[in-house]
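Below is one structure, written out as C-alpha cells; comments come after it.
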Amino acid sequence: MTISYSGSFIRLLLRWKGSIWRSTWRELLVFLALYYSVRVFYNFGMPLIFDEDEDLEKFRFESLCRMFENFSKQIPLTFLLGFYVSNVVSRWWSQF
C-alpha cells in the first residue's frame, strides 16, 4: 500500500493507515496504565495505607525510584541501540 507523504507533518502523524500509532498503540496503553497506577498509588494509596509515617514511606519509595534510575544509567541507551542498529543493517544487507 502506497501512502502519500505530501501535506503537513501533523496530518501524517495523525494518519492511521501505515502510521507508527497503529503498531505501538498497545504498548502505549500498557505503559500509560502502569504509569498512572503507580502515580495513583503514590498520591492516594500510600496515605491510606501508611497513616502515621507517610513521609517516611514516601521517602523510601523515592529512594527506590532513584536506585532504579541509577541502574538504568549504568547501561547507556546508545549501547543498546547499537545492537539494534547492527541487527537491522545486517538484515538489510542480507536482503539486498
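The numbers here are math on the coordinates, done by the rules we state, and not lab data. Quick caveat, the model's predicted, so the values are computed rather than measured.
Quick notes
- Computed over the chain, Cα set: Rg, Dmax in Å: 21.3, 66
- Net length available on complete extension from residue 66 to residue 8 is 16.8 nm, with 0.36 nm assigned per residue and the Cα-Cα distance removed.
- Degrees between helix 54-74 axis and first principal axis of the chain (Cα, 0 to 90, nearest 10): 30 degrees
- Full extension of the segment from residue 48 to residue 79, taken as 0.36 nm per residue of separation minus the current Cα-Cα distance, would add 7.0 nm.
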